[in-house]
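K.L.:
Provided herewith is a single structure, encoded as structure tokens, for subsequent inquiry.
The values are calculated or read from the model by the stated rules, or taken from the named source; none is laboratory data. This one's a predicted model, so the numbers in the text were calculated from it and none came from an experiment. Reconstructed Cβ throughout: ideal geometry from the backbone, glycine too, with neighbour counts over all protein chains shown.
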Amino acid sequence: MISLDNIALSHGSQILYTGASMNLFAGEKVGLVGPNGAGKSTIFRMIVGEEQPDEGRVAVERGVTVGYFDQSVGEMSGRTVLAEVMAGAGEVSVLAGEVKALEDAMGDPGRADELDALVEKYGEVQSRFAELGGFELEPRAQEILAGLGFPPAVVADDVGKLSGGWKMRVALARILLMQPDVLLLDEPTNHLDIESILWLEKWLMEFRGAVMMTSHDKELLNRLVTKIVEIDGGDLVTHGGNYDFYEQQRAMLAAQHEAHYARQQAMLAKEREFIARFKARASHAAQVQSRVKKVEKIDKVAPPKRRVVVDFDFPKPPRSGEDVAVLHGVSKAYGEHVVHDGVDLAIRRLERWCVMGVNGAGKSTLLKMIAGQGSPDEGEIKIGPSVKMGYFAQHSMEVLEPDLTVIGQLEAKYPRASQGSLRNLLGAFGFRGDDVEKYVRVLSGGEKVRLVLAAMLYDPPNFLVLDEPTNHLDLDTKDMLVGALADYGGTMLFVSHDRRFLTEVSNRVLELGSEDGPRVYDGGYAEYVQSTQCEAPGMRA
């Protein structure tokens, strides 16, 4: 269906691709992976014609429809959410407009002399409209919007009132409603909660077309894709299997390559030693020349490419008291909407609570109150002795100084820290080399998240309160963060939609939003899934 053949492309002095090739076949589910800045989004833009390669050929079979979701959301206003989604459904949405216009024309007495032609045209348009499933268009749009978490009142309201994150969901819904032959999805789970991710996962599994996607959600890639295309040093390397299998395969191939390289280097060293020892002896001249020619003709194995993954030895936090936070009868309402009603909870030292609940259950509100960023209407929250709290929320990025560099931000917070330790820390969070000299004002959302987390964990508190810390983090940074928190010697309370993070980090679960009040589950997220037979509260039958 789609092929990239011997592609070469540069952006200024940065070479993205040199002789890269790949194929996407009908019905395939493919994960596109590679480090930040490797050119994953560029692949999508070349396929849809928004960018052209310097060399090579991008081919899309005639008649193949392509739906492309990226992180750029244009202006959306003046229509309801439902109308905005339906307007993006491709040919069928155009036909819907034609059907309506023809119906109006046939009912216009002033156009009675055109009636026969209008009726004939109406029959043609309506037939094509029905063939494309036009009569099911609105119910399908409603189903997709519900799956992506839109309440009915919002679906009927002006799309212009939505935040940027919710407009992203509208853009995703438009692409899904198209039902094209090929879906290109660039980080579709950003801004989605866990219920919406699970719904999208099921929808994509049932989708009969081809899918190529980038994602920082390892669990989604493992369950959905059957092929991984890796951007590796300007090439596109195809691996069969899901993401876990790709990681195993990549590690095995890297080990084989390193062994092959080492064997060849050892052999070359012996040959060069012989040449150096006997080159001055006339009696060995023929042998020396023979070996020189042999060395020159050998097809040299390239040195192994080593992925740069920097570990950081996070300091041990100070010990807190046994009672870290205790809630008694905590209630909170916004107008007539009661979010919490008489919550009792005790958080003990070394417990790691993940907070689950559907949209509106009050997860972020609870974290804010415990972190002292809001007050309950009734009840009390007591923070225990010797508790040093660190609170991360999405607005935490606002405390960054835009005119400081990345390393300058940390130097301002930790003036006595050594350059080496700060650079090592920043390397662990993906800021390497000249990246540390970037100004904060030019950082992406994901880079700002990484910088805030780095600043928090350099001198770690003994009570971490984290609201969606994994949003916008790439797979390598998530793995590093999970590894760091696995050895963390403090207490945690957090919200996350990343199932791998939930599984690896939590040892207690608090579920909000049930009719009989908060539910507490011993054991972590994996035990919660086993106990409830669902992966999120909103997915329970």
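K.L.:
For segment 50-70, how many residues meet the condition of being in a loop (DSSP other than H, G, I, E, B) and under 23 Å from Asp232 (Cα atoms)? Explain how you work it out, then say what you get.
P.N.:
At the first step, the residues of segment 50-70 found to be in a loop (DSSP other than H, G, I, E, B) are 50-54, 61-65, 70.
Narrowing further to those that are under 23 Å from Asp232 (Cα atoms): 50-54, 70.
So the count comes out to 6.
K.L.:
Right, another one. Output the residue which, of all residues in segment 77-125 that are charged (D, E, K, R) and either assigned to a loop (DSSP other than H, G, I, E, B) or under 21 Å from Ile144 (Cβ atoms) (or both), is modelled with the lowest pLDDT. Show your work before the answer.
P.N.:
Residues of segment 77-125 charged (D, E, K, R): 79, 84, 91, 98, 100, 103-104, 108, 111, 113-114, 116, 120-121, 124.
Among the residues that remain, those that are also either assigned to a loop (DSSP other than H, G, I, E, B) or under 21 Å from Ile144 (Cβ atoms) (or both) are: 79, 84, 91, 108.
On the way: Arg79: 87, Glu84: 90, Glu91: 77, Asp108: 84.
Once the filter is applied, the top-ranked residue is Glu91.
K.L.:
Cβ-Cβ below 7 Å, separation at least six or inter-chain, first residue in segment 515-539 and touching a residue at least 24 places away in the same chain (Cβ under 8 Å), second in a loop (DSSP other than H, G, I, E, B): which pairs?
P.N.:
Here the result reads Pro518/Leu512; Gly524/Ser506; Gly524/Asn507; Tyr525/Ser506; Pro537/Gly357; Pro537/Val358; Pro537/Gly513; Gly538/Val358, each pair linking segment 515-539 to a residue that is in a loop (DSSP other than H, G, I, E, B).
K.L.:
Taking the conditions exactly as written (at pLDDT below 90, in a loop (DSSP other than H, G, I, E, B) and surrounded by fewer than 18 Cβ atoms within 10 Å (Cβ to Cβ)), does Gly517 satisfy them or not?
P.N.:
On the way: at pLDDT below 90: yes; in a loop (DSSP other than H, G, I, E, B): yes; surrounded by fewer than 18 Cβ atoms within 10 Å (Cβ to Cβ): yes.
Yes.
K.L.:
Can you name every one of the strands (runs of 3 or more DSSP E) wholly within segment 323-374 that holds 3 or more residues which are touching a His at 6+ places or on another chain (Cβ under 8 Å)? Reasoning before the result, please.
P.N.:
Details: elements: 323-334, 337-348, 352-356.
Result: 323-334.
So that you can scan it fast, the table gives a plain yes or no per residue for (1) within 32 Å of the chain's Cα centre (by Cα); (2) within 24 Å of Thr470 (Cβ to Cβ); (3) surrounded by 13 or more Cβ atoms within 10 Å (Cβ to Cβ):
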| residue | (1), (2), (3) |
| --- | --- |
| His328 | no, no, yes |
| Gly335 | no, no, no |
| Ile347 | yes, yes, yes |
| Leu366 | yes, yes, yes |
| Gln373 | yes, yes, yes |
| Ile381 | no, no, yes |
| Met389 | yes, yes, yes |
| Leu400 | yes, yes, yes |
| Gly408 | yes, no, yes |
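K.L.:
β-branched (Val, Ile, Thr), over 28 Å from Arg169 (Cα atoms) and modelled with pLDDT of 90 or more, is that true of Val58?
P.N.:
Numbers: β-branched (Val, Ile, Thr): yes; over 28 Å from Arg169 (Cα atoms): yes; modelled with pLDDT of 90 or more: yes.
Yes; evaluated as a whole, the condition is true for this residue.
K.L.:
Tally up the residues in segment 422-440 that are under 22 Å from Ala38 (Cα atoms), touching a residue at least 12 places away in the same chain (Cβ under 8 Å) and assigned to a helix (DSSP H, G or I), please. Full working, then the answer.
P.N.:
So in segment 422-440, the residues under 22 Å from Ala38 (Cα atoms) come out as 426-440.
Add one more test, that the residue is touching a residue at least 12 places away in the same chain (Cβ under 8 Å), and what stays is 426-432, 435-440.
Filter once more, so that each one left must be assigned to a helix (DSSP H, G or I): 426-428, 435-437, 440.
Total satisfying the criteria: 7.
K.L.:
Pick from Gly19, Gly12: which is farther than 23 Å from His191 by Cα, outside the structural domain of Ala141 (by TED's automatic domain parsing), exposed (fewer than 14 other Cβ atoms within 10 Å of the Cβ) and touching a residue at least 60 places away in the same chain (Cβ under 8 Å)?
P.N.:
Answer to the check: Gly19.
K.L.:
Test of understanding: among Ser496, Ser531, Ser506, Ser444, which residue is at pLDDT below 90 and not acidic (Asp, Glu)?
P.N.:
On the way: Ser496 fails: at pLDDT below 90; Ser531 fails: at pLDDT below 90; Ser506 fails: at pLDDT below 90.
Of the residues listed, the single one that is at pLDDT below 90 and not acidic (Asp, Glu) is Ser444.
K.L.:
Return the only residue of Ser290, Ser364, Ser283 being polar (S, T, N, Q) and in the same structural domain as Gly513 (by TED's automatic domain parsing). First the steps, then the outcome.
P.N.:
Values: Ser290 fails: in the same structural domain as Gly513 (by TED's automatic domain parsing); Ser283 fails: in the same structural domain as Gly513 (by TED's automatic domain parsing).
The unique qualifying residue is Ser364.
K.L.:
Does Ile347 fit the bill of being touching a residue at least 60 places away in the same chain (Cβ under 8 Å) and either in the same structural domain as Gly446 (by TED's automatic domain parsing) or within 30 Å of Arg441 (Cβ to Cβ) (or both)? Lay out the reasoning, then the answer.
P.N.:
On the way: touching a residue at least 60 places away in the same chain (Cβ under 8 Å): yes; either in the same structural domain as Gly446 (by TED's automatic domain parsing) or within 30 Å of Arg441 (Cβ to Cβ) (or both): yes.
In short, yes.
K.L.:
I'd like to check something: does segment 143-152 contain any residue that is touching a Ser or Thr at 6+ places or on another chain (Cβ under 6 Å), under 29 Å from Pro537 (Cβ atoms) and not in a loop (DSSP other than H, G, I, E, B)?
P.N.:
Of all residues in segment 143-152, those touching a Ser or Thr at 6+ places or on another chain (Cβ under 6 Å) come to 148-149.
Filter again for under 29 Å from Pro537 (Cβ atoms), leaving 148-149.
If we keep only those that are not in a loop (DSSP other than H, G, I, E, B) too, we end up with none.
No.
K.L.:
On to the next question. Residue check, Val355 against (1) more than 14 Å from Gly513 (Cα to Cα); (2) at pLDDT 95 or above, all met but one. Which one?
P.N.:
The one condition Val355 does not meet is (1).
K.L.:
Suppose we filter Glu138, Glu84 for residues that are without any contact (Cβ under 8 Å) to a residue 60 or more places away in the chain and either of a type in the set (Asp, Glu) or surrounded by fewer than 19 Cβ atoms within 10 Å (Cβ to Cβ) (or both); which single one remains? Can you show your working first?
P.N.:
Details: Glu84 fails: without any contact (Cβ under 8 Å) to a residue 60 or more places away in the chain.
Only one candidate qualifies: Glu138.
K.L.:
Let me ask you something else. Could you list all residues from segment 183-204 that are in contact with a strand residue (DSSP E or B) (Cβ under 8 Å, 6 or more places away or on another chain) and at pLDDT 95 or above?
P.N.:
Once the filter is applied, which keeps residues that are in contact with a strand residue (DSSP E or B) (Cβ under 8 Å, 6 or more places away or on another chain) and at pLDDT 95 or above, segment 183-204 yields Leu183, Leu184, Leu185, Leu204.
K.L.:
I'd like to verify a number: residues in segment 257-303 that are β-branched (Val, Ile, Thr) and more than 45 Å from the chain's Cα centre (by Cα), how many?
P.N.:
Residues of segment 257-303 that are β-branched (Val, Ile, Thr), as a first pass: 275, 288, 292, 295, 298, 301.
Filter once more, keeping what is more than 45 Å from the chain's Cα centre (by Cα): 275, 288, 292, 295.
Matching residues across segment 257-303 total 4.
K.L.:
While we're here: From the list Glu411, Glu378, Glu398, pick out the single residue that is in contact with a strand residue (DSSP E or B) (Cβ under 9 Å, 6 or more places away or on another chain) and more than 30 Å from Gly329 (Cα to Cα).
P.N.:
Working: Glu378 fails: more than 30 Å from Gly329 (Cα to Cα); Glu398 fails: in contact with a strand residue (DSSP E or B) (Cβ under 9 Å, 6 or more places away or on another chain).
Of Glu411, Glu378, Glu398, the one residue that is in contact with a strand residue (DSSP E or B) (Cβ under 9 Å, 6 or more places away or on another chain) and more than 30 Å from Gly329 (Cα to Cα) is Glu411.
K.L.:
Find all pairs meeting these conditions: Cβ atoms under 6 angstrom apart; at least six residues apart or on different chains; first residue within segment 172-194 and more than 15 Å from Ser215 (Cβ to Cβ); second residue in a helix (DSSP H, G or I) and among the aliphatic types (A, V, I, L, M).
P.N.:
As it stands, the answer is Ala173/Val85; Ala173/Ile144; Ala173/Leu145; Arg174/Val85; Leu176/Ile144; Leu177/Val85; Leu177/Ala141; Leu177/Ile144, since those pairs meet every condition given.
K.L.:
Only one of these is over 13 Å from the mean Cα position of the chain (by Cα) and either in a loop (DSSP other than H, G, I, E, B) or not assigned by TED's automatic domain parsing to the domain that holds Met369 (or both): Pro469, Pro461. Name it.
P.N.:
Matching residue, one of Pro469, Pro461: Pro461.
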